[in-house]
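Bear in mind these aren't lab numbers, they're just calculated from the coordinates by the rules spelled out. Owing to the predicted nature of the structure, the values given are computational and were not obtained by experimental measurement. Neighbour counts are summed over all protein chains in view; Cβ atoms, including those assigned to glycine, are modelled from backbone coordinates with ideal geometry.
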Amino acid sequence: MTADLAKDQLRAHAALFAVALIYGANYTIAKVVLDDDYLHPMAFISLRVGAGIVAFWLLHALWVKERVQRSDFPRLVLCGIFGVALNQSLFFIGLDYTTPINASLIMTTTPVLVLVASAIMLKETIQSKKVAGILIGMAGAVVLIIYGKKFAFNKDGWFGDLLVFINATSYGLYLVLVKPLLVRYHPLTVVKWVFLIGSLGVLPFGLPELMQTPWQTFTPHVWLAIAYVLV
């Protein structure tokens, strides 16, 4: 391994670690807003999806010049359903009924679901190294949570846990479905259409909730929490 390659791998791992930290904090920060009833889950989702549409279409217009072939739109529709409409909705609604710890533990099943879906849909070989890596990662998450004594599977939270698991399944399917598109197109091209199509399953339910949101009661920390989740 050359020195340059080692540096590139170190940067990549550091970036992935940073993403994991940012994404992990998302559970707790979003839960604060939901628990205090500042935003209904569907209103929260509509804000996030709406912000994504504006950002991705603007960035695409500035930096990317390519069009999607008509034959790829059916796959984009499926990506919009599983990657945005179901994924976002089930995550926020599920988080409203369960705890951030439960949600984060359940989401560790996503790599397993992706591995299985890839083997079935893309005919990819399930490698022992991948299985071992996934199991080690899941075991680490389970140990941390069990020793922290924060995980609680109870009658009040089971519905939220179920929704988060379905969300993990939906997101896993999305990751498999979107893979061929990312080979042919720039990521911004793909994600701008995924968010726009997915919004059709979100905005009709979320906009009425947004209209009833008591914006005047929001404190600065609530606005910061919302901004964090949106970004």
Report task. Please go through the stretch 60-81 and pick out each residue that is of a type in the set (D, E, K, R) and farther than 15 Å from VAL194 by Cα. Result -> LYS65, GLU66
Report task. Go through the stretch 168-231 and tell me which helices (runs of 4 or more DSSP H), entirely inside it, have 1 or more residues that are within 15 Å of ILE53 (Cα to Cα) and among the hydroxyl-bearing types (Ser, Thr, Tyr). Result -> 187-199
Query - Close pairs from the stretch 63-82: first touching a residue at least 40 places away in the same chain (Cβ under 8 Å) and outside any helix (DSSP H, G or I), partner charged (D, E, K, R) and surrounded by 13 or more Cβ atoms within 10 Å (Cβ to Cβ), Cβ under 9 Å, at least 6 apart - result: VAL64/LYS192
**Report entry** Output for the stretch 68-99, where each listed residue is surrounded by fewer than 22 Cβ atoms within 10 Å (Cβ to Cβ), over 18 Å from VAL229 (Cα atoms) and under 16 Å from the mean Cα position of the chain (by Cα)
**Finding:** LEU78, ILE81
Query raised in the report: Is it true that some residue in the stretch 42-62 is assigned to a helix (DSSP H, G or I), among the charged types (D, E, K, R), under 18 Å from LEU207 (Cα atoms) and within 18 Å of the chain's Cα centre (by Cα)?
Result: yes
Query - Subset of the stretch 87-101 that is β-branched (Val, Ile, Thr) and assigned to a helix (DSSP H, G or I) - its residue that is nearest to LEU39 (Cα to Cα) - result: ILE93
